1. Find the relative contact order for the stretch 118-250 and round it to a whole percent, using C-alpha pairs within less than 8 Å whose residues are 6+ positions apart.
2. Around Leu103, with a cut-off of 14 angstrom between Cβ atoms, what is the net charge of the other residues, counting Lys and Arg +1 and Asp and Glu -1?
3. Once you have the Cα-Cα distance between Trp119 and Tyr163, take 0.36 nm times their residue separation minus that, and quote the gain in nm to one decimal.
4. Among Lys167, Lys108, Lys68, which one shows the biggest mean-square fluctuation in a GNM of the chain, springs joining Cα atoms closer than 10 Å?
5. Which angle between 0 and 90 degrees, to the nearest 10, do you get for helix 118-135 versus the longest principal axis of the chain when only C-alpha atoms count?
6. For the chain, what is the charge dipole size about the Cα centre, in debye to the nearest 20, if Lys and Arg each add +1 at the Cβ and Asp and Glu each add -1 at the Cβ?
7. For the chain, set up a GNM with springs between Cα atoms under 10 Å and report which of Ala73, Ala128, Ala237 has the largest fluctuation.
8. Hey, any idea what % of the chain's accessible area is carbon plus sulfur with a 1.4 Å probe?
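The values are calculated or read from the model by the stated rules, or taken from the named source; none is laboratory data. None of these values were measured; they are calculated from a predicted model. Using ideal geometry, Cβ is built from the backbone for each residue, glycine included, and neighbour counts are taken over all protein chains shown. Accessible surface areas use protein heavy atoms only, side chains included; no ligands, DNA or RNA. Shrake-Rupley method; radii C 1.70, N 1.55, O 1.52, S 1.80 Å.
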Amino acid sequence: MRLSNNQIARIVELCLLAGEIMIKSGAETSRVEDTMMRIAASFGVPEAQSFVIPTGIIFSSNREDRAKLVRVAERSTDLEKVSIVNSISRQISNGELTVEEALTKLKKVAKADLSYPLWLQILCAALASGCFLIMFQGVWRDFIPAMIAGGIGHMLFIYLHKYIKVKFFAEGVSSLAIGLLAALAIYSGFGTNIDTIIISSVMPLVPGLLITNAVRDLMDGHLMSALAKGADAFLTALAIGSGIAVVVAFI
């Protein structure tokens, strides 16, 4: 059955929306491209072409039609959205959804805010910092200082990044605050080892998923995506290190 131009346009729109949600939510490049291609093939477009990088998606229904581009300006980590899109993709592959039904579902996912409440994110960052301290063979006396520094540092990052759209600046200031809080804990007698407090408190800021995806993309042959994500991770590490270095230089 030959598809009309309007049907092909709707399928392309569906694939682009699925890819956009996934790349914005922290999915690796190979997963995004594979999902888009599977959706297209399921609706009778087996010769579709896709090219995904962290800042954009290029997709065409075949080698002859004009390609469509979606610009991706903001990215975060929301693996629940990635899981939902994968589930919708499997339903499409099983023939359970039409193009319009899938589009409706994906538009709801795109608009939904599935992130945890800010207070819970901050609490989890604080608890993670304390647990990292024990993992790094710190003493229990430093558990509370690490929790406080990690929680406040993560809170600063969230609010600074919300109002100042420069991630490097938000990470640098947050790590600076963590260093100052760790130094204050030591000088007040509340803490004992500044090194373990600082290291454990900055761990919630470390881009673990970004580094993992960069390595996976490199192994899958997606060199541009791997280099872009690696550079992003390097800048984050540089921002964290710079903030801590400022504190260490004056204590």
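1. Over the stretch 118-250, the number comes to 29 percent.
2. +1
3. Net length gain for the segment: 14.1 nm.
4. Looking only at Lys167, Lys108, Lys68, the biggest GNM fluctuation is shown by Lys108.
5. Between the helix axis and the principal axis of the chain, the angle is about 60 degrees.
6. My answer is approximately 420 debye.
7. Maximum among the listed residues: Ala73.
8. Carbon-and-sulfur percentage of accessible area, whole number: 63.
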